[in-house]
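Chemist: Mind having a look at this structure? Questions to follow.
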Amino acid sequence: MTRLDPRSPLVLDTKLVGRRPGTMHELEREAAAPSDLGTDVIRVEEGSPLLLDLRMESVVEGVLVTGSVRGTASGACVRCLDPVTDKVDGRFQELFVHADRHVHHQEVGDEDADEEQRIEDGYIDLEPVIRDTVVPALPFQPVCRPDCPGLCSVCGQPLAEDPEHQHDQIDPRWAALSALADPPTTTEKRT
């Protein structure tokens, strides 16, 4: 396991609230977005600013972190491939458990112990919580505008540029019949 960097804006020091239940501390931070914060279609670019509004509360089990994350995602329209930007605004609440409480949960056979977020050496890592908040908040199929007509399925031309664009295509199943509609003209001499 790697040690957390206390200088990272996504790492919180639990000394701000201590271990006395009921102690609370509010803070705002700007952090650079971590890598892979999104999907193949739309993402918050690595290093772009994320605004965090946080409240840390000391509870018996650990530290309860409640907050919001705001930023901007960019990607491509799934219909026409034009660039798309989307505001991200997600809210979260996560309990970070003290190491001794985590050990206790494992000893008593708590099924959820393996999925607990833990306080490591007095620090909280917000990156997994930010990822779990931002990625589901992103649009599954981003579009540049709700009525985007997309691209022509035959030639790939953007249909927004030419709404009358079309191709005369005959269904391949009926193509053989088109020869009957237009019989070939032959010039034969009869004697």
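Chemist: Using a basic spin-label model with each label point 7 Å from the Cα along Cα→Cβ, how many nm lie between ALA137 and ARG55?
Modeler: Here the modelled spin labels are 1.7 nm apart.
Chemist: Heavy atoms of the protein only, probe of 1.4 Å, neighbouring chains included. What is the accessible area of ILE170 in Å², nearest 10?
Modeler: Only protein atoms counted, so the area is about 110 Å².
Chemist: Give the residues of the range 125-149 whose amide nitrogen is closer than 18 Å to a point set 7 Å from the Cα of GLN93 in the direction of its Cβ.
Modeler: Correct set: 129-130, 132-134.
Chemist: I'd like the accessible area for ASP86: 1.4 Å probe, protein heavy atoms, all chains in place, Å² to the nearest 10.
Modeler: 50 Å²
Chemist: Across the range 153-166, in residue order, what do the Karplus-derived ³J(HN,Hα) couplings come to in whole Hz, using 6.51 cos²θ - 1.76 cosθ + 1.60 with θ = phi - 60° and x for Gly and Pro?
Modeler: Along the range 153-166, the couplings run 6, 8, 10, x, 5, x, 6, 5, 6, 9, x, 8, 4, 7 Hz.
Chemist: Hey, another quick one. For the range 168-174, what does the Karplus curve 6.51 cos²θ - 1.76 cosθ + 1.60, with θ = phi - 60°, yield as ³J(HN,Hα) per residue in whole Hz, taken in order and with x for Gly and Pro?
Modeler: 8, 10, 9, 4, x, 5, 9
Chemist: Which ³J(HN,Hα) values, rounded to whole Hz and listed in residue order, are derived for the range 87-95 from phi using the Karplus coefficients 6.51, -1.76 and 1.60 in 6.51 cos²θ - 1.76 cosθ + 1.60 with θ = phi - 60°, glycine and proline given as x?
Modeler: Whole-Hz 3J(HN,Hα) from phi for the range 87-95: 6, 10, 9, x, 10, 8, 8, 9, 9.
Chemist: Which order do ASP168, ASP82 take by accessible area at a 1.4 Å probe, largest first?
Modeler: Numbers: ASP168 150, ASP82 80 Å².
Correct descending sequence by accessible area is ASP168, ASP82.
The values are calculated or read from the model by the stated rules, or taken from the named source; none is laboratory data. All figures in this text were calculated on a predicted structure; none of them were measured in a lab. All Cβ positions, glycine included, derive from the backbone under ideal geometry; neighbour counts span all protein chains shown. Surface accessibility is based on the protein's heavy atoms, side chains included, excluding ligands, DNA and RNA. Shrake-Rupley method; radii C 1.70, N 1.55, O 1.52, S 1.80 Å.
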